[in-house]
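Single-structure report; data block below.
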Amino acid sequence: MPNLILLHGALGHSDIFTPYLNVLSQYFTIHTPLFSGHGDRELPAGGISIEKYTQELSEYCAVNNLTNVSIFGHSMGGYIALCYAMKSPENVNSMMTLGTKFEWTEEQALKESKMLNPDVILEKVPQYARLLESQHGSKWKKLLPAIAELMIGLGKNPPLENNLSTINIPTQIMVGDQDNMVTIEESVSVYRSLPDAKLAVLPDTRHPMDKVRPDLLLNLMKDFWNLS
């Protein structure tokens, strides 16, 4: 069976893919790696960055002898999928991204990172704090500032900028029409910059993976990967 890697986003968890596994495992051998600092994985001493996470994906593929892989990436996971494809095109068969923010500026990264304050989240959105603790344990308070640093690094030096035209791999860029983090415009811009891309806008769909209707996304996956 071909291999499919499902990549979670920043502050996400591989558990978000549970509703998709029954269907997708009929067609693929499924891999759901966790990025460091997420779930039960420790935060690395040297911090995290898009480059570090791209390297982790590279190492995961090497250890598991994965070549010619298909990748689905949600949010940051989609960004890392494209970075990996840029670095190791010979290993990637095809990619789908959903809700991936491609347009990063320093100013915007600073603005986004300021929202990742553990004390503010505890006070203003306690249910989200509880979710983060259940997924990542007590280190969730350290993971937030680490992700904030990752965003600032991305704003200063976005690795995909001006490189999209070099990624000649079948890719479908997807965004929800109610996504308040990612614009339809930036998704269209990336779709136009990639040599072999398709575009899908999901109706009545917000950014979080658990707000995406599995039937809708599975139908798009079946269409893109010609699954019957």
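Under 8 Å for C-alpha pairs, at least 6 residues apart: give me the relative contact order for the stretch 6-45, rounded to a whole percent. Before the final figure, lay out each step's value.
Details: 30 pairs, mean separation 16.3, N = 40.
Computed over the stretch 6-45, the figure is 41 percent.
Computed from backbone phi with θ = phi - 60° and the Karplus coefficients 6.51, -1.76 and 1.60, the 3J(HN,Hα) list for the stretch 164-170 is 4, 5, 8, 8, 9, 10, x Hz; x is used for glycine and proline. If R0 is taken as 35 Å, the Cβ-Cβ distance between Asn168 and Arg213 corresponds to a FRET efficiency of 0.65.
Averaged per residue, the chain has 48 square angstrom of accessible surface, using a 1.4 angstrom probe with ligands and nucleic acids left out.
Sparse packing (at most 12 other Cβ atoms within 10 Å of the Cβ) combined with a DSSP loop state is found for the following GluC sites (Glu not before Pro) in the stretch 157-228: Glu161. Within the stretch 1-90, the GluC sites (Glu not before Pro) that combine a DSSP coil assignment with at most 13 other C-beta atoms in a 10 angstrom radius are Glu42. Within the same chain, aspartates and glutamates fewer than 8 places from Lys142 are excluded, and of the rest, those with a Cα less than 12 Å from its Cα are Glu42, Asp119, Glu133. Ligands, DNA and RNA left out, the 1.4 Å accessible surface of the chain is 48% carbon and sulfur atoms.
The values are calculated or read from the model by the stated rules, or taken from the named source; none is laboratory data. Everything numeric in this text was worked out from a predicted model, so none of it was measured. Because the Cβ atoms are built from the backbone with ideal geometry, glycine has one as well, and the counts that use them run over all protein chains shown. Side chains are part of the model used for accessible areas, which takes the heavy atoms of the whole protein and leaves out ligands, DNA and RNA. Shrake-Rupley method; radii C 1.70, N 1.55, O 1.52, S 1.80 Å.
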